[in-house]
1. Before we go on, tell me the buried accessible area for the B/A pair, both chains summed, 1.4 Å probe, in Å² to the nearest 100.
2. Give me, ordered by chain and number, the residues 5 or more places off B:H78 or on other chains with an amide H under 5 Å from its own placed amide H.
3. Return the distance in nm (one decimal) between the two label points of a simple spin-label model at A:D666 and A:I435, each offset 7 Å from Cα along Cα→Cβ.
4. With a/c under 1.5 counting as rounded, go ahead and sort region A:665-720 into rounded, prolate or oblate using the C-alpha gyration tensor (a ≥ b ≥ c being the square roots of the eigenvalues; past the cut-off, prolate if a/b is larger than b/c, else oblate).
5. Pairs of Cα atoms under 8 Å, at least six residues apart: use those to get the relative contact order of chain A, whole percent.
6. At 1.4 Å probe size, what's the solvent-accessible area of A:E202? Round to the nearest 10 Å².
7. Leaving out same-chain residues fewer than 8 places away, which lysines sit with a Cα under 25 Å from that of A:K562?
8. What residues in region B:20-58 lose 20 Å² or more of accessible surface when the other protein chains are added to their chain alone (1.4 Å probe)?
Amino acid sequence: MQPVREEESSSIQNDPGNCSIPSGDSSVWADVSPLLSAACTDLQEGELIHGDNFNLFAAMSALEIMDPKMDSGMVSAFYSIDEAIESGFAPVPISSDKTVNVESIIDIMDHLLVCEATWHMGHSLAQTVFSCIYVLRPERTSSQALLHSYCRVIRATCRAVVSVVSDARTNEEEDLLTMTYGLPFNGDEDAKGLLLLNAVEETICRQLRACKATSAKRRLLEELEPLQTNPHLEEGFCKALLCRIRFRKHFLHALNCMRRPQGRGHELARKHIASCISELQSLLESAEFLRSNTVNNGETEIEERTTASGRQPIGFDSTLNKRLSAPTPPRAIKLLSWKKAIDYFVKLLHNLDQICAFSLEPDLDFVLQFVIQFHKSRPDLVSRAHLQLLLVQDGKLYGRDTFLTICARLLAIDVSKNHGLHLNEYILQLNQLMINLLKILCANTPWQRRKLGKILNDWSIFNVQMGINVGQLMQQDTSRSQKNGDRSLFILNHVYGWIEEQIHWVALRFLVLGFELDLYSPSEYCMVYWYMYIILWKLHEKARLRVLIVVHSEERKAKRNKEYSRDMAREDRISLWVLLIQCQTSLTQGLTLMIAALRNEGMCLKSQGPFNTENEKFTQHFELLQKASLPEYDAYESFSKSTAHASLDFLPAYECFRDAQKMAKDIKVGYANDPDKLAEVRGIEQVAEHNVIAVNLLCQDRSLKVSLEFTHHPYFATAIVRRS
Amino acid sequence: MEKSIEEKEEFDESEIEYTSYAGEHHLPLIMSLVDQELSEPYSIFTYRYFVYLWPQLCFLAFHKGRCIGTIVCKMGEHRQTYRGYIAMLVVIKPYRGRGIASELVTRSIKVMMESGCEEVTLEAEVDNKGALALYGRLGFIRAKRLHHYYLNGMDAFRLKLLFPLKPRLPQIASQDQTQQEQENFTA
Ligand SMILES: CC(C)(COP(=O)(O)OP(=O)(O)OC[C@H]1O[C@@H](n2cnc3c(N)ncnc32)[C@H](O)[C@@H]1OP(=O)(O)O)[C@@H](O)C(=O)NCCC(=O)NCCS
């Protein structure tokens, strides 16, 4: 294989011709035909001429023309949308038989719902919703109010979703969803769809009333034409259409309400969300009726279908926009089933409702706990984008509170008098770090973990710099009294202390996400729990200090001002949280010692491969933490030392589990009114309890088989003991 | 014909021959094996890219003249480290579970190590239990999860194997802090 050299290619005659595409600064257009024909006689199929800059990406992007697996330019069913329309692929009206027409429209609606869900889950808009000719060319159906307005509203909804997701843009995940590849969106026309759809809904309501009415009343309504021609089916069809239309309407309203600034539309949005969920229920109920009109083609298959009736919808071709989706190779995508699509929407709506129900307290502890709780149901991109836009607007929390006031509140200090502080360079930087952190916490968990690992370093550099600076200022400032109103330095010093706590919180989240993402194998649990223990221990220390500061300053305020109402609920909340951290600290300490003992006694697999040792694995897993000086000493050495002598006979592990169990009991009382938290603490309690039993059993009989499982908690393991 | 693909093959491990990539005649063998097993369509250029630049990292396993397994890799500079990368690994079904893949991977990794690589990486689908177990036994960790990595929407793990580190320099950490926390730990 002969690589092409510069000299050869430049010897080709220049023919500037009348090119409309500029060739760029230091290059000219050249005719490559002679080179290519010379190459053709030399090359066998599949051989290649490459330059030095030919890399893997170039190799993988190479297409084999006319290979249907790769060539998106290949003609499939239709050459163009126009050709498809001319061939009668998407007729208007769909049928002259009004019953068939209505049936077909319902199928289209169902299939569109499936397309929309599939799009949300990460496939291109072009291959999903816009594979429908009626959606692509709404102007064709303007005489068909029902289909027309429905398609317009679908388009408006897609636009709303694209706008939320692209406004929240943080990583590459959003690309596919927001890529509209020049698809035709017409905002104004589409916005009118909702009005039209309302009118259509009105008419169908009357048609439904008419068909249910007694014959006497019916005469009154005589001028009203029925929906279709078969009187026996009228009621069923009307109902099936109504729930579909209403779902669309409420869904678009809900999305729009959620975009109002500072969460002002949340209350209304919740009403629309509740309606959406109930309409989806009606959708499911309509399936029986719709299916009864179809010739039965196998019950099992129905589960896989994209429509309630089980029929293929008319007017869809996912290859229509293939050329728009180049350069990605033309992959056939697998659509969800209609049932799965409904499940998807129900879950999405629940997630949106969670967001709307969130009370926008200016309290960072509260926000962080909410975000973590929110992630537990694995929310999809659309709901995460909404959450992010709610949390961070105009560089403020909820578009309302600056991060300086938020921090001050965390520490129960008053910043209203310190006007210069919000311009302080550290406070400005902190603002940026906080915005960044909140955005990251709304991203998908794999990306979130990577990013958290990286920002730890930013935080820790910032922390060190601020520490030095504040320290110097404090020394210079000892002469000045704090009574003159400007307590900026005092505040900065407290904020500095809090940042350290926050860094450990981020580190803990990073470690915990490793469990959620299934990144640790059982032979690595020991080191992971050890690391969690170290981080938790420090987090607990810092957080406890903050609680003391808060309580102290609140007490002072209350003493000074009899009118001052202390937010006791909040004080209790953080104290409880600190106790939970302490409980987890004991638990992870116990787990570390127990697993280390099992390893030392040969009852548990050691991680040993032919090419490296535990040391290398440790380094790889915790590289980013160590870079951020968490902890500040040689962690591996410390880990090895503290676990090397753990044994089942001498067992502080036992004590640790007992402590954790006791604390969990106390915490449960405090969380009596919070079912999510209660469940979490109960899980921790059970882990501790079962591990106490397991350790006892193992001490008595070393021939028992033991495995670590997550039966009670997603990331604290329970030792399961079996007779072999 | 179809059936024999699924059936377990009776054979003795000593009958398996391993060779490194030795030229054009091996290319169609590799391509047909990989095309059968992996979902992504690779163009012939992708294969050539690997086997021409790193023939020494590509191995094939034969049984009685039939190619039954292969591995395709590369290595190069990546963010200040020199790293190896395993691009494709396949053993056909009748021959699985007998250590053939482990042998192929081991051979490639040895060459990478000798060539000065500091680490080896690859991606595997999160539900590819076989591949994950295999690499786990060889010392790979799951370093990252990659969201929707494959076009079918599936996540992937980035697996990494770090070769033993150079001798560790004594740390200049604050001594009393270390002590304090250690004491607390083993309390
Ligand atoms: C993955 C693959 C290459 C494994 O080939 P193989 O020759 O069966 O692997 P080995 O026999 O060397 O297996 C080594 C170890 O991996 C583990 N393993 C392999 N396949 C496994 C499976 N299906 N389930 C659980 N563990 C498995 C076992 O621990 C095994 O060790 P053991 O037999 O001593 O218990 C083969 O299944 C394959 O070609 N799959 C399709 C292509 C593919 O997924 N490639 C990897 C892309 S990253």
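1. Chains B and A together bury roughly 4800 Å² of accessible area.
2. B:R83
3. 4.1 nm
4. Note, shape of region A:665-720 comes out oblate.
5. Over chain A, the number comes to 10 percent.
6. 110 Å²
7. Candidates past the 8-residue exclusion: A:K417, A:K483.
8. SASA drop of 20 Å² or more in region B:20-58: B:P41, B:Y42, B:S43, B:I44, B:F45, B:T46, B:R48, B:Y49, B:Y52.
The values are calculated or read from the model by the stated rules, or taken from the named source; none is laboratory data. Given the structure is predicted, the values throughout are model-derived calculations rather than measurements. Backbone-built Cβ (ideal geometry, glycine too); neighbour counts: all protein chains shown. What goes into the accessible areas is simple: the full protein's heavy atoms, side chains included, and nothing from ligands, DNA or RNA. Shrake-Rupley method; radii C 1.70, N 1.55, O 1.52, S 1.80 Å.
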